[in-house]
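Here the structure is laid out as structure tokens; the discussion comes afterwards.
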């Protein structure tokens, strides 16, 4: 029995703890902090990816490239979405990590829910995520829910809206200055 306890203790030391909260410092038309409760029990692989990218600083300086009034604000393109870069490809990239398999749940896409963006393939989420301005129940069971905004809905509401095709932000988009995760 003691060897099992030692093995479990060793495993827990080797496995990094998942984050439980993410804070996004937003600058631009919106200025302030959005705090998100990450739902590691609902989508452990997606939360682990977000946490890894945040801890590595990959999200720092990434813009909100697609913002649709009454729907959502999308960000997280760590490849092509850095502030000051060529925004023509923003939204087309991800991290160097492999795409993630879907972790769908029965959590509805209510206001403040955070979901993972993906391509047509349900197993193609990587680094991009979106935050709901309003409910979008047509997304239920189609996209992975990773968290909920607990503070800063006023900051979310102030993010510059996109006026281009499919919600593309024209001009200077709002940016995630820093993104941190805590246990």
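A short reminder: the numbers here are calculations on the coordinates, not readings from a lab. All values reported here derive from a predicted model rather than from experimental measurement. Don't worry about glycine lacking a Cβ; one is built from the backbone with ideal geometry, like all the others, and counts go over all protein chains shown.
Structural remarks
- Zone of residue 105's modelled label, taken as backbone nitrogen in region 47-80 under 12 Å from a point 7 Å along Cα→Cβ: 47-48
- Degrees between helix 2-14 axis and first principal axis of the chain (Cα, 0 to 90, nearest 10): 20 degrees
- For region 47-72, backbone nitrogen atoms closer than 18 Å to the point 7 Å from residue 134 Cα along Cα-to-C-beta are found at 67-72.
- Bins of 10 Å, starting at 0 and running to the largest distance - Cα pair percent for region 112-183: 15, 46, 36, 3
- Neighbour-count ranking [beta-carbon atoms within 10 angstrom, fewest first] of 132, 92: 92, 132
- One chain, two ends: residue 183 and residue 158. Fully extended at 0.36 nm per residue, the span grows by 6.2 nm beyond their Cα-Cα distance.
- Paramagnetic reach from residue 165 (point 7 Å along Cα→Cβ, amide N under 17 Å) across region 59-103: 65-68, 87-93
- Degrees, to the nearest 10: 44-55 long Cα axis against longest axis of the chain: 70 degrees
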